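As structure tokens, the structure follows; a few thoughts come after it.
We did not get these values from a lab; they are worked out from the coordinates using the rules stated. Please read all numbers here as calculations on a predicted model, not as lab measurements. Every residue, glycine as well, gets a Cβ built from its backbone with ideal geometry; the counts of neighbours run over all protein chains shown.
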Amino acid sequence: MKTLTIIIPVYNEEKTLETLVNKLLDVKFPKDINTEIIIVDDTSKDKSYSIMSEFANLHSNIKLLQNNKNSGKSQTVRNGILISTGDYVVIQDADLEYEPKEIPDLLIYMIENDL
């Protein structure tokens with residue numbers, strides 16, 4: 001069975017983070033795909049880490065990571081990639097710039113084209 005890792009870089013995203021994670025949890029992925037969600041906090045000053053922690057306590061497929069210092073989006077994503085175990089990795093911005101329900105189509109495309 002293959003695993004999809006979804007990395008969510010977070011910096012002061014308390015307004016959208018809960019909505020985003022709930023949308024991700026509602027997405028119907030192919031049955032032969034496990035999902036791993038890695039939420040990486042870039043030293044947020046709001047309640048983002050608290051929200052992340054609540055989800056991680058409720059869902060075993062959600063992992064948390066917190067940068068020691070503010071490192072920017074690129075390093076935050078890289079930190080998530082370093083602990084990912086997925087065969088496929090996608091980045092999902094916490095501000096809902098991208099629609100989570102589109103991820104399965106992207107995944108299917110990658111699988112069908114052996115990417």
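Things to note:
- Taking a straight line from the alpha carbon of LYS73, these aspartates and glutamates sit under 20 Å away, with near neighbours fewer than eight places off in the same chain left out: GLU13, GLU14, GLU18, GLU36, ASP41, ASP42, ASP46, ASP93, ASP95, GLU97, GLU99.
- The residues packed around GLU102, meaning those with a beta-carbon under 15 Å from its beta-carbon, carry a net charge of -2 if Lys and Arg are +1 and Asp and Glu are -1.
- Taking a ≥ b ≥ c as the square roots of the eigenvalues of the Cα gyration tensor, the range 1-66 is classed as prolate, since a/c reaches at least 1.5 and a/b is larger than b/c.
- Three-way shape call for the range 37-94 based on the alpha-carbon gyration tensor, with the a/c threshold at 1.5: oblate
- Quotient of Cα Rg and 2.2 N^0.38 Å for the range 65-115, N being how many residues it contains: 1.34
- Assigned charges on the beta-carbon of Lys, Arg, Asp, Glu; the chain dipole about Cα centre (debye): 340 debye
- Beyond 30 Å in Cα-Cα separation lie the following of the pairs LYS23/LYS69; LYS28/LYS69; LYS15/LYS69; LYS31/LYS69: LYS28/LYS69; LYS31/LYS69.
- Cα shape, the chain, gyration tensor, a/c 1.5 rule: prolate
- Comparing ILE108, PRO30, THR43 along the charge dipole axis of the chain, the residue lying farthest to the positive side is THR43, per the Cβ-charge model.
- Mean Cα-pair separation over length for the range 41-115, i.e. relative contact order, pairs under 8 Å, 6 or more apart, %: 26 percent
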